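The values are calculated or read from the model by the stated rules, or taken from the named source; none is laboratory data. Small disclaimer: the values here were computed from a predicted structure and weren't measured. Counting neighbours? That spans all protein chains shown, and the Cβs are built from the backbone with ideal geometry, glycine included.
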Amino acid sequence: MEKSTIITLSLLAILTTIILLISTFKSDKRFDIKRKVKLLPYWSKYIGVLLAISSLILRWNDSTTDSSSLGYFWQFGFIIGGLVISLSKEKHEDEMTMSLRLNSVFIAFFAGIIAHIFFVLLNLLSGGNIDENNSLYSTGYILFLYILNFQIAKRRLLK
């Protein structure tokens, strides 16, 4: 066997062992969501918005269409900004907000995957290359859809 195959199989065996050991540990604390989910403070949401908007401005002002790793730097900024926004607390964080977060993550995950598949197929049908839509795009879709869905659900709840 090759060295990479042996390493992969040993990592899978270690991961399976860890999962089996964790699943045999019975505790009522594992169902307490508030103890498991640690969110960033509310003010960090502003840092995430600033980072996401500045990376989008960087992309629109960038005159190069470079396909090197520096050409994707704006996507990393947008994704990190979206993560900071997504992981920030609300002013009034309660069980309903946690439920809205969970529903938004569920919807955004599947809608983001469907959107990514749609854009890849649209790109292929127009004569493009499948490599043009990388995982950064799908991550960006999912984060954007999560933030959008969470904010819409929050507004509906307040009405």
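One table, with the values for the structure above:
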item	result
Filter result (part of a helix (DSSP H, G or I), of a type outside the set (Gly, Ala, Ser) and touching a residue at least 12 places away in the same chain (Cβ under 8 Å)) within region 120-144	120, 136, 137, 139, 141, 142, 143, 144
Residue in region 151-159 that is farther than 15 Å from residue 48 by Cβ, free of Cβ contacts under 8 Å to residues at least 60 places away in the same chain and not in a helix (DSSP H, G or I) present	yes
Test for residue 146: is it closer than 24 Å to residue 90 by Cα and in contact with a His (Cβ under 8 Å, 6 or more places away or on another chain)	no
Elements of type helices (runs of 4 or more DSSP H) in region 1-90, at least 2 residues being at pLDDT 65 or above	3-24, 44-61, 73-86
Failed item in (1) within 15 Å of residue 150 (Cβ to Cβ); (2) assigned to a helix (DSSP H, G or I), with residue 117 passing the rest	(1)
Verdict on residue 100 being under 20 Å from the mean Cα position of the chain (by Cα), closer than 23 Å to residue 75 by Cβ, touching a residue at least 40 places away in the same chain (Cβ under 8 Å) and crowded, with 17+ Cβ neighbours inside 10 Å	no
